[in-house]
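Right, one structure below, let's go through it.
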Amino acid sequence: MQELESRGWGLASSIMALLPFNTAGGALVVVLFFQMLMGMVLDFDWFLYSVLLGMAGMMWLIQAAIGITGLTTLMKPEVIAGFEFEPE
């Protein structure tokens, strides 16, 4: 999107950012790290898992906000004109 190369790929990536499946890898790494870290400090399993689930949810909300921002930017008329511009 930044280089104005392909509006279609920008739309596809923005739509994919709205799906919660993309954060699974990052969420898994974060959850495993904090499970190890918090498991050393706390013995409350229910608290640990609720915090980790909340962190995974926050990661998806941030990713969804980025996807929505990308979609709204790509739908602006001046951005569409920028993708259609061909230099001489």
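The values are calculated or read from the model by the stated rules, or taken from the named source; none is laboratory data. In this text, all values refer to a predicted model and were calculated from it rather than measured experimentally. Backbone-built Cβ (ideal geometry, glycine too); neighbour counts: all protein chains shown.
Contact annotation: residue pairs with Cβ atoms under 9 Å, 6 or more positions apart or on different chains, pairing a residue in segment 31-55 that is within 18 Å of Pro20 (Cβ to Cβ) and at pLDDT 75 or above with a partner that is surrounded by 12 or more Cβ atoms within 10 Å (Cβ to Cβ) and among the aromatic types (Phe, Trp, Tyr), are Met55/Phe34. For segment 1-13, the candidate set comprises residues that are part of a helix (DSSP H, G or I) and in contact with a helix residue (DSSP H, G or I) (Cβ under 8 Å, 6 or more places away or on another chain); within that set, the residue that is farthest from Leu61 (Cα to Cα) is Arg7.
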